[in-house]
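The values are calculated or read from the model by the stated rules, or taken from the named source; none is laboratory data. For clarity, every value in this text was computed on a predicted model and none was experimentally measured. Using ideal geometry, Cβ is built from the backbone for each residue, glycine included, and neighbour counts are taken over all protein chains shown. Areas reflect the complete protein model, heavy atoms only, side chains present, ligands, DNA and RNA absent. Shrake-Rupley method; radii C 1.70, N 1.55, O 1.52, S 1.80 Å.
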Amino acid sequence: MDINVLEELNKKGFIDEAIDPTLDLFEEINKLKKEKNAVILAHYYQEPDIQDIADYIGDSLGLSQEAAKTNADIIVFAGVHFMAETAKILSPNKTVLLPDLKAGCSLADSCPPHLFKKFKEKYPDHLVITYVNCTAELKALSDIVCTSTNAVQIVESLPKEQKIIFGPDKNLGAWVAKKTGRDLVLWNGACMVHEIFSREKITKLKERHPNAKFIAHPECEEAVLAMADYIGSTTGLLKYTINNEAQEFIVATESGIIHQMEIANPTKTFIPAPPNNNCACNDCPYMKRNTLEKLYLCLKNGLPEVTVPENIIVEARKPIERMLEISASLGL
Ligand code: 13P
Ligand code: SF4
């Protein structure tokens, strides 16, 4: 590979190449996709243009299931780094591209594998369940992976007397502990986007919209979850807005999901839950590093590519496959 391109990828995380402004990027991306037998998988938190061009849009569980079964040669992962790593682990012979290598995750960063390893050593008789929002290295230290869609069922699939460590998200872990009545040992990690919501501002908003349903992702803090009419993964939240007859919803998760909510419910109103300051902090700064331009350049150049060391692929694959097996047996 050209040394300048490598240097740029290390520095910026993406290929910064001038794009002809007259190009129709949707057309060009579709052309490249066919030429290269590529598939675009996008998370619900991606910007609307990326969601609109994706072959599959979904939550973390759906994206892992798609990554495991695709026949494409190239997977362009419009999401964050740990998601692209999961795709690579499940499809090691495919090329996995991420439009911007710096699309990381504050939750994954809150659990450095070397510290988690020491933490785990304190509980030798515990099984380790890790939320998929963590590095491949952390998955390699785990017994079972879970997502917000199946975390409760994965814990319930284990015998009641089984001792469990749950990481890295303490909020999701506390919610799962409450739902299952299990005493989980929690790692103290969190997502900066889901911890930003203000209970006070949500209370005022609910007063102004008395008929609105308040819905929240389980990565939110307990005090916010306590106010919710419904708690669920991004897919769970989307389905709730379709099946519930309310006309207004206050949504406490990353704002990208509202695009699919509006497509599925054109007459309903969606209000992003307010953060505890005046920034747009319920936009995930990592998810939003991907743009349509970067997606086009990454497909055109076949870079940046996400790689995972062979030994980590072998170890991390087992807990992910265990999750997929349990999910399939439960029809999730
Ligand atoms: P889900 O889409 O699986 O609910 O995950 C939310 C999230 O934070 C992804 O980064
Ligand atoms: Fe990570 Fe939170 Fe962004 Fe999801 S929303 S990618 S958990 S920082």
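Summary of values
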{"quantity": "Top-ranked residue in segment 161-178 [being in a strand (DSSP E or B) and surrounded by 24 or more Cβ atoms within 10 Å (Cβ to Cβ); ranked as farthest from the chain's Cα centre (by Cα)]", "calculated": "166"}
{"quantity": "Segment 210-236, subset within 14 Å of the chain's Cα centre (by Cα) and not in a loop (DSSP other than H, G, I, E, B), residue nearest to ligand 1 (Cβ to nearest atom)", "calculated": "234"}
{"quantity": "Qualifying residue in segment 14-24 (condition: open to solvent by 20 Å² or more (accessible area, probe 1.4 Å) and not in a loop (DSSP other than H, G, I, E, B))", "calculated": "no"}
{"quantity": "Qualifying positions in segment 103-114 - surrounded by fewer than 19 Cβ atoms within 10 Å (Cβ to Cβ) and either touching a Phe, Trp or Tyr at 6+ places or on another chain (Cβ under 9 Å) or in contact (Cβ under 8 Å) with a residue 24 or more places away in the chain (or both)", "calculated": "104, 106, 113"}
{"quantity": "Lone qualifier among 251, 306 - being in contact (Cβ under 8 Å) with a residue 60 or more places away in the chain and within 18 Å of the chain's Cα centre (by Cα)", "calculated": "306"}
{"quantity": "Residue list for segment 167-186, restricted to those being more than 16 Å from ligand 1 (Cβ to nearest atom) and in contact (Cβ under 8 Å) with a residue 60 or more places away in the chain", "calculated": "185"}
{"quantity": "Index of the failed condition, residue 303 passing every other in (1) part of a helix (DSSP H, G or I); (2) buried (at least 18 other Cβ atoms within 10 Å of the Cβ); (3) out of contact with any Pro (no Cβ under 6 Å at 6 or more places or on another chain); (4) assigned by TED's automatic domain parsing to the domain that holds residue 82", "calculated": "(1)"}
{"quantity": "Criterion violated by residue 138 - all others in (1) more than 19 Å from residue 289 (Cα to Cα); (2) more than 16 Å from ligand 2 (Cβ to nearest atom) satisfied", "calculated": "(2)"}
{"quantity": "Residue within segment 209-225 that is small (Gly, Ala, Ser), more than 27 Å from residue 264 (Cα to Cα) and open to solvent by 10 Å² or more (accessible area, probe 1.4 Å) present", "calculated": "yes"}
{"quantity": "Meets criteria (under 23 Å from residue 51 (Cα atoms) and either without any contact (Cβ under 8 Å) to a residue 60 or more places away in the chain or within 16 Å of ligand 2 (Cβ to nearest atom) (or both)) for residue 239", "calculated": "yes"}
{"quantity": "Flag if residue 124 is surrounded by fewer than 23 Cβ atoms within 10 Å (Cβ to Cβ) and out of contact with any Leu (no Cβ under 7 Å at 6 or more places or on another chain)", "calculated": "yes"}
{"quantity": "Residue 94 being more than 16 Å from residue 132 (Cβ to Cβ), basic (Lys, Arg) and touching a helix residue (DSSP H, G or I) at 6+ places or on another chain (Cβ under 8 Å)", "calculated": "yes"}
